[in-house]
1. Please tell me if Phe46 is in contact (Cβ under 8 Å) with a residue 40 or more places away in the chain, surrounded by fewer than 17 Cβ atoms within 10 Å (Cβ to Cβ), part of a helix (DSSP H, G or I) and on the phi < 0 side of the Ramachandran plot.
2. For the range 131-149, which residues satisfy the criterion of being open to solvent by 100 Å² or more (accessible area, probe 1.4 Å) and either assigned to a helix (DSSP H, G or I) or among the aromatic types (Phe, Trp, Tyr) (or both)?
3. Which ones in the range 150-170 are part of a helix (DSSP H, G or I), open to solvent by 60 Å² or more (accessible area, probe 1.4 Å) and aliphatic (A, V, I, L, M)?
4. Under 8 Å by Cβ, and 6 or more places apart or on different chains, what pairs join a residue from the range 56-67 that is more than 17 Å from Met41 (Cβ to Cβ) with one that is open to solvent by less than 60 Å² (accessible area, probe 1.4 Å) and not acidic (Asp, Glu)?
5. Among the residues that make up the range 8-23, is at least one of them part of a helix (DSSP H, G or I), open to solvent by 60 Å² or more (accessible area, probe 1.4 Å), aromatic (Phe, Trp, Tyr) and modelled with pLDDT of 90 or more?
6. Which members of the range 115-147 meet the condition of being aliphatic (A, V, I, L, M) and within 16 Å of Val38 (Cβ to Cβ)?
7. Can you tell me how many residues in the range 100-113 are in a helix (DSSP H, G or I) and either acidic (Asp, Glu) or within 17 Å of the chain's Cα centre (by Cα) (or both)?
Amino acid sequence: MPASYTNNIIDFYKYISYHLLMNVLILFIHITFACLWVGGMLFMVFVSFPYIRRTPFKDEAFQNIGKRFSNIGTLIGLPTLFITGLLNMHFLSVPYTSLLHPESLYQKTLQIKIHTFFLVVLISILHDFYFSPKAKNSKKYAKITRILGILNLILSLGIVFLASALRYNM
């Protein structure tokens with residue numbers, strides 16, 4: 001077997017290994033940030049908030065926890081999810097035009113997932129940076145903030161459901 005043939009095979013496997021590693025790494029980052037986002041909201045709803053509601057410093061605690069989660073989740077997590085989502089599409093050879101004109105059930109599901117993601121981003125920005133800062137001094141804004149938070153959690157769980165459907169080409 002000629003040496004050039006062997007080198008071509010080795011180069012081919014290096015190329016394939018690099019791309020597989022990148023695929024796995026990008027997907028890992030995407031899933032990790034999705035866990036941070038959805039898991040953080042579930043933790044707040046089922047663990048933090050029930051405890052904090054019974055404390056004398058609840059208003060301050062809600063503001064501090066919310067601000068911290070906003071900085072990590074909204075400002076870092078959501079942009080990371082968007083970028084890694086686009087990279088996942090690239091590595092899966094899904095054309096970006098399919099987000100506007102889906103040609104298969106898979107692409108339609110992906111389109112709905114990404115449009116729902118944009119809705120989550122919009123609600124997060126309104127919740128975190130407009131309504132939440134005003135919630136401390138207003139029951140009206142506190143109620144709107146709660147409703148937006150619950151809506152955001154439901155939509156985020158919907159995104160996880162759609163991601164699960166994509167796994168089975170639905």
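The values are calculated or read from the model by the stated rules, or taken from the named source; none is laboratory data. The shown structure was predicted, so the numbers you read here are calculated from the model rather than taken from an experiment. Every residue, glycine as well, gets a Cβ built from its backbone with ideal geometry; the counts of neighbours run over all protein chains shown. Note: accessible area is taken over every heavy atom of the protein model, side chains too, but ligands, DNA and RNA are not part of it. Shrake-Rupley method; radii C 1.70, N 1.55, O 1.52, S 1.80 Å.
1. No: the conditions fail for Phe46.
2. Lys139, Lys140, Lys143, Arg146
3. Answer for the range 150-170, where residues must be part of a helix (DSSP H, G or I), open to solvent by 60 Å² or more (accessible area, probe 1.4 Å) and aliphatic (A, V, I, L, M): Ile150, Leu151, Ile154, Leu157, Val160.
4. Cβ pairs passing all conditions: Lys58/Ile52.
5. no
6. Within the range 115-147, Leu119, Val120, Val121, Ile123 meet the criteria.
7. 5
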